[in-house]
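Structure first, then comments.
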Amino acid sequence: MKTRTLRETYLRNKRIEKVEIILIQIAILVAFFGLWELLARTGVIDSFITSSPSRMLRTLKLLVRQDLFKHIGITLLECICGFTIATVLGTVIAVLLWWSKKLRKVLEPYIVVLNSLPKIALGPVIIIWMGAGYKAIIMMTVLICIIVTIMSVLSGFMACEEDKILLMRSMGAGKFRILFKLILPASLPNLLSVLKINVGLSWVGVIMGEYLVSGAGLGYLIIYGGQVFKLDLVMTSTVILCLLAALMYLGVALAEKLVKRSR
């Protein structure tokens, strides 16, 4: 009975702590926007250059009446496509590199070089290859995410304990069985971490791609707003991007919790 009471107390304290953290996070956000609005209204900062929450709300209302959801949908679709392709393809390549030690040694220096290469430098080439459209933007996203995915997933595979691999081999298990029965389950936390990393990288890739070539999307709105000095449009689009990225990250975090509970 005493053990049960202690457990209930512990769980209650954890729930209270979680609520406190959420409330503090909301309070920080409210305080930030409140201070921003106050400084803009009192003239401490120039609202024409920095915008303000009230001006952003007015801009948002105008965008809703126009094509805001079209721009959000285009950017979101490009991000999800790039995220999915890079994660799946990067994981497959990591499996191939784990499978063949010789292939891993041959390709390792090339992967390191590609990882250090500024992907924005390939922008003009990507546009020529893929055309001035959504394909080029998705390709830019894939290029930014895939090398990090390969290196992170492969690192998780290689971190698996050699003793366990030797034990399975001694019991007659082949590479295929070792991969699906040991390597992938053991690397699951690492794979989930890669998904979180790719959320941020995929948004970076999409916006970089839309900066280079786009006729629609949130990156296009940011570029257009900067060109015509509509800083309210720039800041509003940036805040929307932050919200979408946060929602996508929360989706991945929720999937991680569901996977951990099912194990």
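The values are calculated or read from the model by the stated rules, or taken from the named source; none is laboratory data. Please read all numbers here as calculations on a predicted model, not as lab measurements. All Cβ positions, even for glycine, are placed from backbone atoms using ideal geometry, and neighbour counts span all protein chains on display. For the accessible areas, the whole protein counts, side chains as well, though only heavy atoms, and no ligand, DNA or RNA atoms are used. Shrake-Rupley method; radii C 1.70, N 1.55, O 1.52, S 1.80 Å.
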Open item on the list: I want the local charge near G219. Using Cβ-Cβ distances under 10 Å, sum +1 for each Lys or Arg and -1 for each Asp or Glu among the other residues.
Closed with: -2
Task: Solvent-accessible area per residue, Å², over the chain with all protein chains present [probe radius 1.4 Å] - done: 62 Å²
Task: Environment charge of I24, counting only residues whose C-beta is closer than 14 Å and scoring Lys/Arg +1, Asp/Glu -1 - done: -1
Task: Debye, to nearest 20: dipole size of the chain, +1 on Lys, Arg Cβ, -1 on Asp, Glu Cβ - done: 1140 debye
TODO: Match the structure shown to one of the listed values (i) 136; (ii) 188; (iii) 157 of volume of the Cα convex hull per residue in Å³, computed from it, and give that label.
DONE: (ii)
Open item on the list: Within 15 Å, Cβ to Cβ, of K102, how many net charges do the neighbouring residues add up to if Lys/Arg are +1 and Asp/Glu are -1?
Closed with: +3
Open item on the list: Using each residue's phi in the range 222-239, evaluate 6.51 cos²θ - 1.76 cosθ + 1.60 at θ = phi - 60° and report the 3J(HN,Hα) Karplus result to the nearest Hz, with x for Gly and Pro.
Closed with: 5, 4, 4, x, x, 5, 9, 6, 9, 5, 4, 5, 4, 5, 4, 5, 5, 5
Task: Pairwise FRET efficiency - K196 versus S262, Cβ, R0 = 22 Å, nearest 0.05 - done: 0.75
Task: Listed residues Y220, I207, A173: farthest to the positive end of the dipole of the range 112-263 (Cβ charges) - done: A173
TODO: For I45, list long-range residues whose amide hydrogen, built 1.01 Å from N in the peptide plane, is under 5 Å from its own amide hydrogen.
DONE: A40
- [ ] In whole Hz, with x marking every Gly and Pro, tabulate ³J(HN,Hα) for the range 144-161 from phi via Karplus 6.51 cos²θ - 1.76 cosθ + 1.60, θ = phi - 60°.
- [x] 6, 8, 5, 5, 5, 4, 4, 5, 5, 5, 4, 4, x, 4, 6, 7, 5, 4
Task: Of all accessible heavy-atom area on the range 109-263, the percent that carbon and sulfur account for (1.4 Å) - done: 70 percent
Open item on the list: Of the candidates I137, I93, I128, which one comes out as most mobile in a Gaussian network treatment of the chain with C-alpha springs shorter than 10 Å?
Closed with: I128
Open item on the list: Using each residue's phi in the range 112-126, evaluate 6.51 cos²θ - 1.76 cosθ + 1.60 at θ = phi - 60° and report the 3J(HN,Hα) Karplus result to the nearest Hz, with x for Gly and Pro.
Closed with: 4, 5, 5, 5, 7, 6, x, 5, 5, 5, 8, x, x, 5, 4
